[in-house]
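Everything on this sheet refers to the single structure shown next.
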Amino acid sequence: MFAVTAAALLVAMGLAMCRALLGPTAYDRVLALNNIGTKTVVLIAVLGFLNGRPDFLDLAIAYALINFIGTIAVLKYIEYGDLGAPSRPDGGEAN
């Protein structure tokens, strides 16, 4: 069961990689890379249970946090062109 799940995840990651390479916009590419990162988290957990090492869940959780923060950073860079620029919901600049 876990082996079939791992194979299905690898196929889905391959399709997402195609979207990341062919995506018409930067946002499509970022979404595809975030999708790959999320599937990687699940794949780490599945492989941990497949090998009898459920402590891989700690690694999966750490990778999920890195994936989330990285996605937010890339989207902010795409939107503002600078990671250090303050962002305000109303579009104005901070003093």
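Worth a mention:
- For segment 31-38, 3J(HN,Hα) per residue [Karplus equation, 6.51 cos²θ - 1.76 cosθ + 1.60, θ = phi - 60°, Hz, x = Gly/Pro]: 4, 5, 5, 5, 4, 4, x, 5
- Spin-label pair Ala26/Met1, simplified geometry with 7 Å Cα→Cβ offset, distance in nm: 4.4
- Options Tyr63, Met17, Val42, ranked by Cα towards positive dipole end of segment 2-80, top entry (Cβ charges): Met17
- With respect to the chain, whose longest principal axis is taken over its alpha-carbon atoms, helix 2-22 is tilted by about 30°.
- Dipole magnitude of the chain, debye to nearest 20 (Cβ charges: Lys/Arg +1, Asp/Glu -1, about Cα centre): 320
- Residues Thr40 and Ile78, FRET efficiency given R0 of 30 Å [Cβ-Cβ distance, rounded to 0.05]: 0.90
- Shape call, segment 2-80: gyration tensor on alpha carbons, a/c limit 1.5: oblate
- Our coupling estimate for segment 56-61, obtained by passing each phi through the Karplus curve with A = 6.51, B = -1.76, C = 1.60 and θ = phi - 60°, is 5, 4, 4, 5, 5, 5 Hz, Gly and Pro reported as x.
- When the residues Arg29, Arg53 are ordered by accessible surface, computed with a 1.4 Å probe over the protein chains alone, the sequence from largest down reads Arg53, Arg29.
- Where the chain is the region considered: accessible area per residue in Å², 1.4 Å probe: 70
The values are calculated or read from the model by the stated rules, or taken from the named source; none is laboratory data. In this text the structure is predicted, and so the values were computed from the model without any measurement. All Cβ positions, glycine included, derive from the backbone under ideal geometry; neighbour counts span all protein chains shown. The accessibility values were calculated without ligands, DNA or RNA, using every heavy atom of the protein model including side chains. Shrake-Rupley method; radii C 1.70, N 1.55, O 1.52, S 1.80 Å.
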